[in-house]
Each structure stands twice: as structure tokens, then as C-alpha cells.
């Protein structure tokens, strides 16, 4: 006949700890807001109760409290997992595409604001509408193109190391002159 | 006899711990104000789904109850008052059962069974809306 060791409290402390964690975890796992904390406590409860159960079994001690802790912790863990899966299912139903459309709309709106501000500032700087300035610029470019076409000049450049150096220097100077011209124009406007 | 003694001792310790947990809930509700909304625990479900759940506003509701603002408590969460009542009942039940278990007026088994029946029934009654919400996928 199997004899129960009634005097040993082996595993009882762990069993009580597991039971308390399970009981605390049960309402926490039921509430949607605290289901994660509930799951953590329930897992701890299951772990402690399991260790307590194995200790109690080794010395043939009472296992009722440890067993109660194990059962309640497992129930709490299952509730928490159900609750979490419920939240995750609802998250998939969450209208992410609607949010992305809203963000796109916001970006479009901001771009329009930038365009309008740029146009306003440009017109006030040059004293005419943007369309008018662009039209004039286009006309001038066409005129230059025609003038260049009418010139019947053949330009021959013999590219060697010396000429390439000269060309590079000339291009750099031209860019510098152009920048200075633009800066002067902007400063005069101000 | 020693076995019964260790069980009663374990039961008493357990009840004391649970009473302490319930007291912690009341202290938590008193420490954080619903006006400041400075709670350290944020709703996981609300963050994840953007939806309100049955437990949304429960902490604020408990804080309002602790400050005897029952109208505001109902507005924050309609189940808040019922749940708070459950926790108060549990606090008194723990003290009540500690008394009965240690005084040996009744056999320990009867005290234990009546505790299990009363606590489980109260839990099911007060947590019914939250339990049913778990299974609503």
C-alpha cells in the first residue's frame, strides 16, 4: 500500500505560489487590456506548480494544492491565449489600407501646399505669373536655337591633353560667371 | 491530523495573499487618478486593434469608485461598479473564510467546498460579459 508522507511540506510553497499566480492571472487574462500580463503570470504559475508537483511526488507528499495551482494556471493561460488570438484576428481586420490612403492624401495635400507657396514666392520675386515667365523663357530659348541654326560655322576642336585642360578651365570659369550673374540678379531684386 | 493542519495553514496563507492582492488593486486605483489618466498599464487590445473592448476604461472606473464618483465610474465602464463589488466581496470572503477555517466550528472540507462554490459563482456572474467577449471572434 502506498503511504502518503503527511509531514513533509515539499512542493507546497511552490504550489501556493503557483496557485496565487494562477488566481491573479485569471481575471487579468480575461480582460482584453491586460491579457499579456495575464499570460506571463499564468506561464509562471504553470512552471512553479509543475516544479512543486514533481517535488511533492518525489517525497509522496500532498499534491492537492499544487494540482489546484496547476489547473487554474493552465485555465488562465488558455484564456489569455484565446484573448490574444482574438485581438490578433481583429487586428487583421483593421483597415490598414484606409490608413495608407489617408497618409497618401496627407502627403498630396502637403505637396500642394509646397507648390502653391513656391508659385507665390516665385511670382513675387520675378513680378509676373509663373506661366508667363515660363512662356517667355521658352520663347527666348527658341530664338537662341534659331540664331544658332542660322550660323553656319563649323567648329573643330582637336582634343588632346592640353586642349582638354583649357576646356575644363573655361567651363569652370563660365559656371562661376553664371553663378555670380544669378546672385547679382537676385540681390538687385531684393 | 498533521496533514489537515498543514492544509489549513496553506489555505490561510493563500487567503491572506489574495486579500493582499485585492488591497493592491484598491491602492492602485487610489494612487492613479482618472483625471490625470497617468496609468502605467496601457490597453494592449486597444493599441493593437484600435477598437474598444469590454474592459476599456476599467482602471479609470475603479479610480472614480475609490473617490466615490459613481456616475463617472459608470461612464468610464458600465461593468466597473459590478467588478469593484466583486473584489470587495472577495476581500471580506477571504477574511471570513480565514476565521472559519481556523476556528474549527465546521469541518474544513465544508469550508473549502462552500468557498469554491461561492467564489466560482460570483466569478462567473461578474465576469460573464468579459468571458463571453473572449469567444467572440
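The values are calculated or read from the model by the stated rules, or taken from the named source; none is laboratory data. This one's a predicted model, so the numbers in the text were calculated from it and none came from an experiment. Here the Cβ is made from the backbone with ideal geometry for all residues, glycine too, and neighbour counts use every protein chain on show.
Things to note:
- Residue tally, condition within 13 Å of another protein chain (Cβ to nearest Cβ), free of Cβ contacts under 8 Å to residues at least 40 places away in the same chain and surrounded by 12 or more Cβ atoms within 10 Å (Cβ to Cβ), over region B:108-126: 4
- Residue match in region B:67-76 (condition: free of Cβ contacts under 8 Å to residues at least 12 places away in the same chain, more than 16 Å from the chain's Cα centre (by Cα), part of a loop (DSSP other than H, G, I, E, B) and within 13 Å of another protein chain (Cβ to nearest Cβ)): no
- Conditions (1) touching a helix residue (DSSP H, G or I) at 6+ places or on another chain (Cβ under 7 Å); (2) within 8 Å of chain A (Cβ to nearest Cβ); (3) free of Cβ contacts under 8 Å to residues at least 24 places away in the same chain: number failed by residue B:43: (1)
- Residue in region A:163-171 that is over 29 Å from residue A:122 (Cα atoms) and modelled with pLDDT under 80 present: yes
- Tally, over region B:127-137, of residues that are more than 9 Å from every other protein chain (Cβ to nearest Cβ) and buried (at least 16 other Cβ atoms within 10 Å of the Cβ): 0
- Test for residue A:102: is it over 30 Å from residue A:22 (Cβ atoms) and within 14 Å of another protein chain (Cβ to nearest Cβ): yes
- Inspection of region B:5-12 identifies at least one residue that is more than 20 Å from the chain's Cα centre (by Cα), in contact (Cβ under 8 Å) with a residue 40 or more places away in the chain, within 9 Å of chain A (Cβ to nearest Cβ) and farther than 22 Å from residue B:125 by Cβ.
- Just one of the listed residues (B:29, B:63, B:33, B:53) is more than 13 Å from chain A (Cβ to nearest Cβ), under 19 Å from residue A:33 (Cα atoms) and not in a helix (DSSP H, G or I), and it is B:33.
- Criterion: modelled with pLDDT of 90 or more, crowded, with 20+ Cβ neighbours inside 10 Å and under 24 Å from residue A:25 (Cβ atoms) - qualifying residue of B:94, B:60: B:94
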